[in-house]
Amino acid sequence: MLKLKKIITRTFFVFLILIPIAAFAHFIIFPQETRSILIGYSGFKKDDRIYFNAATPLSKIDSLRSLIEQASIRVGDFWGQKTCNPGFIYCDNEIDLKKYSINPSAPAVTYTKLGAVIVLGADGMDLDIIAHEISHAEFYQRIGFYAFMFKIPSWFKHGLAMQNDDRDYYSEDTLKVRSYNYKSMPNVKNLKKDEKFYAGSREQVMLNYMTAKHVVKNWWTKEKLDKLVKELNAGRSFEEAFGQ
Ligand SMILES: [Zn+2]
């Protein structure tokens, strides 16, 4: 019994030392994501689930809250019900955006370690962009961190989020023109990793987004999506779950 107590005490102290080391290593590798996870300890103000720099005009936060509500309804309609409850970090200036976003040239990013956190820049104050990010958070909520990060190919992840994103420059009509009537579309199913999905010119990446949207749209039914989630949660690979 005494031995067991000793083991427990030792394990406890090892963890006590390991946790700060792991947190520090995470900060070195992913500084923006670590800051976002620890946003509750920053100087940012908090209004419900939204964090923002105290210098941000409150009218902007009011608009943001309203956009989040509308976007949440859209995502809820698509999924049948919204089950996620992500946090939001609104960065009204470049300095804050660089501090919290791993990709400050994008209007928004979503982190999924220890719960979903959506970082929005001033350009992310947009219903479609917010709905896109909440849709990522919803998929993550339903299948968990491991599957979301390691099982889902990039093309499907973004194609699915695009179903809630109605920006016209990613629309079916735009794709039709850009792909010469669907004759010249990228083979998005080869874009399994984000590095590949985002490789190439801005035009190419936009074409990847609209093609992924098109492919998922042609596949999607509510039943197929529910079944995919169920299969993933039963431990199947994406290929198995998607192919069935
Ligand atoms: Zn996306």
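The values are calculated or read from the model by the stated rules, or taken from the named source; none is laboratory data. Bear in mind the structure is a predicted one, so any value in this text is a computation, not a measurement. Note that we place each Cβ from the backbone using ideal geometry, even for glycine, and neighbour counts take in every protein chain shown.
Please state which one of K189, K217 is closer than 24 Å to P107 by Cα, surrounded by 13 or more Cβ atoms within 10 Å (Cβ to Cβ) and not hydrophobic (A, V, I, L, M, F, W, C).
Every option except K217 fails the conditions.
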What are the residue pairs meeting all of these: first residue in region 127-150, first residue away from the ligand (no atom under 12 Å from the Cβ), second residue of a type in the set (D, E), Cβ atoms under 9 Å, and 6 or more apart or on different chains?
L127/D166
Can you tell me how many residues within region 154-170 are over 20 Å from the mean Cα position of the chain (by Cα) and within 16 Å of the ligand (Cβ to nearest atom)?
1
Exactly one of I61, I37 is touching a strand residue (DSSP E or B) at 6+ places or on another chain (Cβ under 9 Å), under 19 Å from N93 (Cα atoms), in the same structural domain as G87 (by TED's automatic domain parsing) and not charged (D, E, K, R), and that residue is I61
List the helices (runs of 4 or more DSSP H) inside region 199-244, counting only whole elements, that have at least 2 residues being among the charged types (D, E, K, R) and farther than 19 Å from A161 by Cβ.
222-233, 238-243
Quick one: which residue in V215, V188, V205, V229 is within 15 Å of the ligand (Cβ to nearest atom), closer than 25 Å to K82 by Cβ and of a type in the set (V, I, T)?
V215
Just checking, does region 111-121 include any residue being over 12 Å from the mean Cα position of the chain (by Cα) and either of a type outside the set (F, W, Y) or at pLDDT 95 or above (or both)?
yes
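Whether any residue in region 154-164 is outside any helix (DSSP H, G or I) and either within 30 Å of L114 (Cα to Cα) or not polar (S, T, N, Q) (or both) is what I want to check.
The answer is no, given that none of the residues of region 154-164 is outside any helix (DSSP H, G or I) and either within 30 Å of L114 (Cα to Cα) or not polar (S, T, N, Q) (or both).
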Filter pass, A106 being surrounded by fewer than 23 Cβ atoms within 10 Å (Cβ to Cβ) and either away from the ligand (no atom under 16 Å from the Cβ) or of a type in the set (S, T, Y) (or both):
no
Scanning region 85-97 for residues that are of a type outside the set (D, E, K, R) and surrounded by fewer than 19 Cβ atoms within 10 Å (Cβ to Cβ), the one farthest from L120 (Cα to Cα) turns out to be N85
The one condition in (1) at pLDDT 95 or above; (2) within 15 Å of the ligand (Cβ to nearest atom) that E195 fails to fulfil
(1)
Can you find a residue in region 192-199 that is under 20 Å from F150 (Cβ atoms), surrounded by 15 or more Cβ atoms within 10 Å (Cβ to Cβ), touching a helix residue (DSSP H, G or I) at 6+ places or on another chain (Cβ under 7 Å) and hydroxyl-bearing (S, T, Y)?
yes
Criterion violated by N93 - all others in (1) more than 16 Å from the ligand (Cβ to nearest atom); (2) under 25 Å from D77 (Cα atoms) satisfied
(2)
For region 1-28, how many residues meet the condition of being within 28 Å of the chain's Cα centre (by Cα) and of a type in the set (F, W, Y)?
2
Can you name every residue in region 216-244 that is touching a helix residue (DSSP H, G or I) at 6+ places or on another chain (Cβ under 6 Å) and more than 18 Å from G144 (Cα to Cα)?
V216
